[in-house]
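Right, one structure below, let's go through it.
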Amino acid sequence: MKFGTFYEHQLPRPWKEGDEQKLFQDALSQVELADKLGIDFAWEVEHHFLEEYSHSSAPEVFLAACSQRTQDIRLGHGITLMPPGYNHPARVAERISTLDLVSNGRVEWGTGESSSALELHGYHVAVDTKRDQWLECVEQCANMMAMDPYPGYHGKYFDMPCRNVIPKPVQRPHPPLWVACSNRETIKLAAKLGIGALTFAFIDPADARMWVDDYYRIFKEQCVPIGHTVNPNIAMITGFSLHADAEEAKRRGQDGFRFFGYGLGHHYIFGEHKPGRTDIWKNFEAARGAMPDEGAERGIGTPDQVRKTLRGFADAGVDQVAFIQQGGRNRHEHICDSLELFASEILPEFKAEEERREARKMEELAPYIEKAMARKEKMKELADDEIPTVLALGRQIVDSSNLSPEQRARMDRFRKAGSITAVD
């Protein structure tokens, strides 16, 4: 099983000058440490306007910074919001490809749609069509990265003429695709589309087996890839705080994980939010006493306790566990301590068996992947004589102008010389 770190960039109130800067600088240091320790992935969300819960509105910038401070760790968008109100598909393709280039091919392309009113309404994304928008835009964004040129598209939610979307990624035809999954039905959809399931349901290892079995059964039987390749993987998200003393692990990390859940509920389920004024941390403190105790089943405890939980996920067939280490007011030095303890006490035994596990899995899936790719209907490539010619704007303006014969003759001379800037 592989492991990752997961970032929302949480920043509970009250805020002091410099707090956001420290938050991001600490996170960069943590990712750099995770890379040195041999952790496989660093995941970063995209959210907008979700105060305290997530100050991560430009993940491509953060991940690009991570790329220059690390060597091996995979850089995951967990996730990119795909409805075009948030991000035009061509802009996503350009950013993903550029990040893949500057990171030397280390990008994981997670996708999603959000279920937060602050985000959806802020960008005028319709709730009743957001899933359909996601489907349309993910497929076309993958086409943009894979095709040269992209033939253009006239769809229900966005239109685009033929263009060659550049640059192209290192990982061809495009980086591995994922989707955020908060329930079992989205896991099934991920399997049908041949993409990884980045799961935020916070289920126990005992329940993970059913989700894994659903995913791989449907992948084998029904997969029609939405992209130009498949990424059969399931990642589970959990809390994270390690210490030799279980109670100290809780003191350091339990409230951070609780606040993660409370902030999620506030923005997605039960909250009333006045932008710039609502104090979510204060409300959380008032509700803390009614919250359940969180321990090793959520990645919080001693190495032996947490190892047992992780082994349960591995035995269930989970491919990756990603840790929510930066939550609430968890302290930077405690996060680093936990990462180092994990790397010394737990990670080596999983690393030792991962290469063999991955090889066995891909050997088993190979015939199913071949069948899935055969079922995909690819977008038609344009023949050279079908690719439209686009006149430069300056030429369009000149060609539509009422020029005298003398000016027209001068225009022709400049055009042949490669310049139209000296037209009187």
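The values are calculated or read from the model by the stated rules, or taken from the named source; none is laboratory data. On a predicted model such as this, the values are computed, not experimentally measured, just so you know. Cβ atoms come from the backbone with ideal geometry, glycine included; neighbour counts cover every protein chain shown.
Of the residues making up the range 135-162, those that are under 25 Å from residue 54 (Cα atoms) and surrounded by fewer than 23 Cβ atoms within 10 Å (Cβ to Cβ) number 1. Being touching a strand residue (DSSP E or B) at 6+ places or on another chain (Cβ under 6 Å), in contact (Cβ under 8 Å) with a residue 12 or more places away in the chain and basic (Lys, Arg) holds for only one residue in 357, 288, 329, 298, and it is 298. Could you please let me know if residue 193 is free of Cβ contacts under 8 Å to residues at least 12 places away in the same chain and hydrophobic (A, V, I, L, M, F, W, C)? The answer is no for residue 193. Within the range 199-228, can you find the residues that are out of contact with any Gly (no Cβ under 8 Å at 6 or more places or on another chain) and over 16 Å from residue 181 (Cα atoms)? Those that are out of contact with any Gly (no Cβ under 8 Å at 6 or more places or on another chain) and over 16 Å from residue 181 (Cα atoms): 217, 220, 221, 222, 228. Restricting attention to the range 372-397, the residues that are in a loop (DSSP other than H, G, I, E, B), within 27 Å of the chain's Cα centre (by Cα) and among the hydrophobic types (A, V, I, L, M, F, W, C) add up to 1. Residue 9 fulfils the conditions (1) touching a Leu at 6+ places or on another chain (Cβ under 7 Å); (2) at negative phi; (3) buried (at least 17 other Cβ atoms within 10 Å of the Cβ) except for a single criterion, (2). Among the helices (runs of 4 or more DSSP H) confined to the range 82-186, the ones with at least 3 residues that are within 18 Å of the chain's Cα centre (by Cα) and aliphatic (A, V, I, L, M) are located at 89-102, 130-146.
Selection over the range 71-80 of residues that are surrounded by 21 or more Cβ atoms within 10 Å (Cβ to Cβ) and either outside the structural domain of residue 100 (by TED's automatic domain parsing) or in a loop (DSSP other than H, G, I, E, B) (or both) gives a count of 1. Among the criteria (1) within 14 Å of the chain's Cα centre (by Cα); (2) of a type in the set (A, V, I, L, M, F, W, C); (3) part of a loop (DSSP other than H, G, I, E, B), the one residue 203 does not fulfil is (1).
Within the range 398-405, the presence of a residue that is under 33 Å from the mean Cα position of the chain (by Cα) and either in contact (Cβ under 8 Å) with a residue 12 or more places away in the chain or not in a helix (DSSP H, G or I) (or both) is excluded. Just to be sure, is residue 231 under 30 Å from residue 30 (Cα atoms), touching a residue at least 24 places away in the same chain (Cβ under 8 Å) and either in the same structural domain as residue 134 (by TED's automatic domain parsing) or among the polar types (S, T, N, Q) (or both)? Judged against the criteria, residue 231 is a match.
Would you be able to say whether some residue in the range 165-172 is β-branched (Val, Ile, Thr), loosely packed, with under 15 Cβ neighbours inside 10 Å and in the same structural domain as residue 308 (by TED's automatic domain parsing)? Scanning the range 165-172, I find at least one residue that is β-branched (Val, Ile, Thr), loosely packed, with under 15 Cβ neighbours inside 10 Å and in the same structural domain as residue 308 (by TED's automatic domain parsing), so the answer is yes. Of the numbered criteria (1) β-branched (Val, Ile, Thr); (2) under 16 Å from the mean Cα position of the chain (by Cα); (3) farther than 28 Å from residue 262 by Cβ, the one residue 70 fails is (2). Does residue 369 qualify as being assigned to a helix (DSSP H, G or I), among the β-branched types (Val, Ile, Thr) and surrounded by fewer than 16 Cβ atoms within 10 Å (Cβ to Cβ)? So residue 369 does not fit the description; no.
Residue-wise test of (1) assigned by TED's automatic domain parsing to the domain that holds residue 55; (2) more than 27 Å from residue 74 (Cα to Cα); (3) not aliphatic (A, V, I, L, M).
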residue	(1), (2), (3)
244	yes, yes, no
266	yes, yes, yes
282	yes, yes, yes
290	yes, yes, no
301	yes, no, yes
320	yes, no, yes
339	yes, no, no
346	yes, no, no
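Which ones in the range 46-69 are more than 27 Å from residue 279 (Cα to Cα) and either touching a Lys or Arg at 6+ places or on another chain (Cβ under 8 Å) or assigned to a helix (DSSP H, G or I) (or both)? Full working, then the answer.
If we filter the range 46-69 for residues that are more than 27 Å from residue 279 (Cα to Cα), which is where we start, we get 60-61, 63-69.
Correct list: 60, 61, 63, 64, 65, 66, 67.
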